[in-house]
């Protein structure tokens, strides 16, 4: 574990943050990652009525391999509602309740960085992958004039896909993308996938996932004009499978480009890819967003998911496709880069770009 | 387990058969399936030098869930070589030794039905999926004039794919096929995949598998003329993954057709599909080669791999593809239909069509 | 799959039966096993309010590898309650609702054969493992004078244990038993164990299981006097673990005997063990209740759980224990012999012994 | 990951070390742990003939989740033999070749710290668990007068067991220990356990493991007199199972004590347990050797194996045993504390106690 680069934009004192949906699977990842965060400090934990009034240790069934941070263990959990102290709010709420509450918090002046799907396609919500479309935060800046805003983290599979596609889209243009995913069980939260369903098995379906990948990737790769955001003009076809892996979504991708590119061109585009998180040296940013690995049988979830603390996308097996132009395999850590870690990076970028104002 | 249809072509007495490579993973499946076969009787078991002179029970590490058939357990194992008694020989030899020995046996007058890859693309070898290209046995008939011949079973993933494609190829013509596989560990034999490599993991690579799927499927779907076999004019792009499943290869397929077809047209083509194995009511033939299942999350390896004793291909999730025309998911039991069971069906078809002559 | 022995006691016409809790995991096994049962015929399916009014196919999430029997698929599901038509009732109800309803049904004259834990230790309930304590059905006969009765199937781990212990208890007497279990996920039903909890993991705890094994085994091995049942005078210490196995509980046992016995004595006791199910040739009875396997690394869940259609207990690795007298490993199929199959065998025995009367 | 305590005994410059058997599974762990070690510096890598002359990156199939340290990747691998430069040698050789070579190296003046089983029970070899029997290094000191010596790491399961037993042995005396293990696949190295053998399965046998646990634990807990080492007077009965877990051996233990102890007494003995590694603040020492966890369902391999960088033993579920006195569950990380990490701690202790002399 290498030391994190010292960012010039580091705020002092730390910015207080709330976590909504703190007891679930993604909420636990927020807690893990924010417990020692150099910029942010957890000051409020909120979850369902059932958890309210208990300490976090009592209210959660901790399922992370790292121990529950003692300082957080003793914090009280409140019922999620519109009265939230910190201006910056991370949401890992269940989609069944997130919609109106997140809107309400934005109206009340909060900056809500959410991992939930409800507002991802809203016209005034930036669907943010900081390396890819940092300029979409302009949507958020406009909205913040009225007080609060929502910034959304895309679906975990989409994040991995658009990070690998963005350098190609910038350099060569993308026409068509066929993607088949092999997704980890942690993506379904807890209790999530029953062991009787997935052991010695594959489930070739994840509710809503294919639609999300096909639409969200076009928004993230879209362009921002005066009239708002225009979805990218490319076609995505997705097939999504659940497999017996704890963490790490693998994706088999074929892509056709608008301008010809050799394998070397593509490798160079990936190797050289950097974004604002690298420019600002944000605490959660990977040094290199894309790691290409040369092993014949790579990338693999268990071997590569923790690359750069789970914040980099790992790509391999680039080769010609007899139908589209190129084929490759990518891996994204679904609960780090693809969920809590990605959302925290969004918040860090918002802070670095001054969206939270002087006081944070 | 339903009773097997009584075939009118049932030979009497039983036809003696040899199994080459009898102690390996596919060899064990041959033993299981042939132990009570209505037409065939195992009279010779052959394996590597190391096993020679031992009983089958001593020579093999039995890894099947069904018990080792007692009659076979006590049979002696001989070293695989050119002196084989039965005319009909099943080969599950390791590819490193199969090539010359199978050729030699064919020259000596044997009909070698092989599951090994070595001769699959030979010009005078039928690459046979009995429901799909029974007419390719004409290649074998021509060759048998000189004595023996080799009939090859395609690669396990290819068998599942071409069975699902054949009805579409016949009815609508096929232009392009994109397939991503999620393959079971039993496909790699024993010891095969190390548990340290596959547990909590996916391996996005299987040596030679993508090439096999891309070429073999074109041969199986090819047409036979006076000058021999012409590969089908379609493009296949394959990506192959190993996943934590014991048995059953799942394949995510997109296909573009030469003539438009609705989902209902395709469903009808699959439902109505029958071939010579069904016509002859061969002992190992499934009543219906293709089973379409309607569940949202189906087919699944653990739930559906044993459909019709593992000899049917199970298809589901037919839906439009934004890039090619249609997407669907298929499942094939890789060691039954995809290996030993498929090879036995080939032999049954050869017998039913009289290729072994009066005496079997 | 060998043909089932023709029992002399075979009733004609078939005896109608109801299944309570038919949609759960054990309920599904009851449906599978009773769909083609030679004596019994499913005429009523009952489950929770939520399922009432739907067909069985609609109400259940079928998770068995064998297909849902078509005749049952179309049957209506009723809400579980005291109005049940058939006199013979199989119960796979959730323990939270089983207690009063099963008592009520017994009062109304039904013979309730239950897999649920609620009444197992009741004084007038036979806790039945047919090979082991068929004579305990005398408890049921006494109770049936007043109309109905409950017969209970022990806990799945207990069934495997007492089957292996009974021959030793009869021949040598048993003093102490130390048992550590490695139990399959199917024992927890559906959804049961979350995949996030068990993948790449062991859970060294199963709620209430150790207590059940320690008490139930003493009741099953107990003796019946005029004043009722006296628990066997032996001490059991159990530690229970959940492991990543679909079906099949493995148990590591050490035992001290009251009279010395050699390994050969013990092997003979197991090999010769037969009970009333074998005497009556009951349809679900294994030909041999105990199969001793000689392989160094046996028994194993995936290789041996289906021995005699999952109704036999498989034992291996008998060797001296430095602390107690002997050590061995046993395997029991937890949802077949350990649940639905065991309960059906109990009902078959009750019929064979005339407890249901002339009319069944 | 907390900072490692600064030891007062820290040598400067670093001590050069060789790794024998560097390309295997345990060898890779040595490489990982020594790449940034504050005291030791890898200067020689040795493996089989096959690897000789290649770089480490070429010669090894890296299967660790952390990346291969770049500095090591480029180092050449030599054939393991008696000519070794560094005086301190770590051995992860295969047991089939380790015996004579390790003896030869000791004769030539090397201090060989080995993870291999060959010399564990030799009279002049300390079988060392640094927290438990640091005083056994006196055996090594005597032997070093003549030049070199071998220090052996016990078997991985034994290490976990004796660490949990040692505080009880010291405080109350131990009479009998019954232990059933559930061991991870990484314990068998690579390729080790075939996935076809362990998926959806348990293997209730590990060759030689039960004998090792029963004898090695008595040596580690033994006492050292003028005439050498006297094995502890206690009886251990072990049953060993392989389960589907990547890392982390779980052990279900029952123990009878020589002097009565309450649960609170035992908890206190574990909580207060410290040894020389803690006294010397050795770089690889856990702050607390034993962590008792209170969760009903704890310890679990996936949740707790990394406690204190995998160097602590985690214990839970202490409760009365109806046969022996107490039962509990323990967890040890088999490739960290139980193999490479444990061996490195042995070497650190030897250095801290001055066994390598002034120059290291």
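The values are calculated or read from the model by the stated rules, or taken from the named source; none is laboratory data. Values in this document were obtained by computation on a predicted structure and should not be read as measured data. Neighbour counts are summed over all protein chains in view; Cβ atoms, including those assigned to glycine, are modelled from backbone coordinates with ideal geometry.
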### Query
Looking at the range A:219-229, which of the residues that are touching a residue at least 60 places away in the same chain (Cβ under 8 Å) and at negative phi is surrounded by the most Cβ atoms within 10 Å (Cβ to Cβ)?
A:220
### Scan of the range A:288-319 for residues that are in contact (Cβ under 8 Å) with a residue 40 or more places away in the chain and surrounded by fewer than 19 Cβ atoms within 10 Å (Cβ to Cβ), ordered by number
A:309, A:318, A:319
### Summary
Of the listed residues (D:105, D:144, D:139, D:128), the one being in contact with a helix residue (DSSP H, G or I) (Cβ under 7 Å, 6 or more places away or on another chain) and either closer than 30 Å to residue D:190 by Cα or crowded, with 16+ Cβ neighbours inside 10 Å (or both) is D:128
### Query
Do we find that residue A:135 is in contact with a strand residue (DSSP E or B) (Cβ under 9 Å, 6 or more places away or on another chain), at pLDDT 95 or above, part of a helix (DSSP H, G or I) and closer than 23 Å to residue A:224 by Cβ in this structure?
yes
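What residue, of A:98, A:59, A:74, is more than 21 Å from residue A:188 (Cα to Cα) and away from chain D (no Cβ under 14 Å)? I'd like the intermediate steps shown before the answer.
On the way: A:98 fails: more than 21 Å from residue A:188 (Cα to Cα); A:59 fails: more than 21 Å from residue A:188 (Cα to Cα).
Only one candidate passes the filter, namely A:74.
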### Message
Scan the range C:71-79 and tell me whether some residue there is surrounded by fewer than 21 Cβ atoms within 10 Å (Cβ to Cβ) and either in the same structural domain as residue C:281 (by TED's automatic domain parsing) or within 29 Å of residue C:223 (Cβ to Cβ) (or both).
### Response
no
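The rows are residues; the columns are (1) surrounded by fewer than 23 Cβ atoms within 10 Å (Cβ to Cβ); (2) away from chain C (no Cβ under 11 Å); (3) touching a residue at least 24 places away in the same chain (Cβ under 8 Å); (4) at positive phi.
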| site | (1), (2), (3), (4) |
| --- | --- |
| D:180 | no, no, yes, no |
| D:208 | yes, yes, yes, yes |
| D:231 | yes, yes, no, no |
| D:258 | yes, yes, yes, no |
| D:264 | yes, yes, no, no |
| D:281 | yes, yes, yes, yes |
### Task
Would you mind listing the strands (runs of 3 or more DSSP E) fully within the range C:57-120 where at least 3 residues are under 24 Å from the mean Cα position of the chain (by Cα)?
C:88-91, C:111-114
### In the range D:235-245, the residues that are touching a helix residue (DSSP H, G or I) at 6+ places or on another chain (Cβ under 7 Å) and not in a strand (DSSP E or B)
D:244, D:245
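Which count do you get for residues in the range D:37-50 that are outside any loop (DSSP other than H, G, I, E, B) and buried (at least 22 other Cβ atoms within 10 Å of the Cβ)?
Pass one, the range D:37-50, residues outside any loop (DSSP other than H, G, I, E, B): D:40-47, D:49-50.
Subsequent filtering for residues that are buried (at least 22 other Cβ atoms within 10 Å of the Cβ) retains D:40, D:42, D:45-47.
Residues that pass the stated criteria total 5.
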### Task
For the range B:149-171, indicate whether the set of residues that are in contact with a strand residue (DSSP E or B) (Cβ under 7 Å, 6 or more places away or on another chain) and modelled with pLDDT under 95 is non-empty.
no
### Message
All but one of (1) in a helix (DSSP H, G or I); (2) within 11 Å of another protein chain (Cβ to nearest Cβ) hold for residue D:168; state the number of the condition that does not hold.
### Response
(2)
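Test residue B:237 against the stated conditions and say whether it is within 22 Å of the chain's Cα centre (by Cα) and surrounded by fewer than 19 Cβ atoms within 10 Å (Cβ to Cβ). Even if it seems obvious, please write down each step before you answer.
Numbers: within 22 Å of the chain's Cα centre (by Cα): yes; surrounded by fewer than 19 Cβ atoms within 10 Å (Cβ to Cβ): no.
No: the conditions fail for residue B:237.
Results for (1) surrounded by fewer than 19 Cβ atoms within 10 Å (Cβ to Cβ); (2) closer than 26 Å to residue D:137 by Cβ; (3) more than 14 Å from chain B (Cβ to nearest Cβ); (4) in contact with a helix residue (DSSP H, G or I) (Cβ under 8 Å, 6 or more places away or on another chain), shown as yes or no for each residue.
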residue: D:194; (1), (2), (3), (4): no, no, no, yes
residue: D:197; (1), (2), (3), (4): no, no, no, yes
residue: D:211; (1), (2), (3), (4): yes, yes, yes, no
residue: D:249; (1), (2), (3), (4): no, yes, yes, yes
residue: D:254; (1), (2), (3), (4): no, no, yes, no
residue: D:268; (1), (2), (3), (4): yes, no, yes, no
### Query
Somewhere in the range A:223-234, is a residue modelled with pLDDT of 95 or more, in the same structural domain as residue A:178 (by TED's automatic domain parsing), out of contact with any helix residue (DSSP H, G or I) (no Cβ under 8 Å at 6 or more places or on another chain) and within 15 Å of residue A:129 (Cβ to Cβ)?
yes
### Pick from the range C:182-192, criterion crowded, with 24+ Cβ neighbours inside 10 Å and assigned to a helix (DSSP H, G or I), ranking: farthest from the other protein chains (Cβ to nearest Cβ)
C:187
### Task
Could you please let me know if residue A:237 is at the interface with chain B (Cβ under 9 Å from one of its Cβ atoms) and touching a residue at least 60 places away in the same chain (Cβ under 8 Å)?
yes
### Task
Go through the range B:59-101 residue by residue and tally those that are more than 25 Å from residue B:118 (Cβ to Cβ) and touching a strand residue (DSSP E or B) at 6+ places or on another chain (Cβ under 8 Å).
5
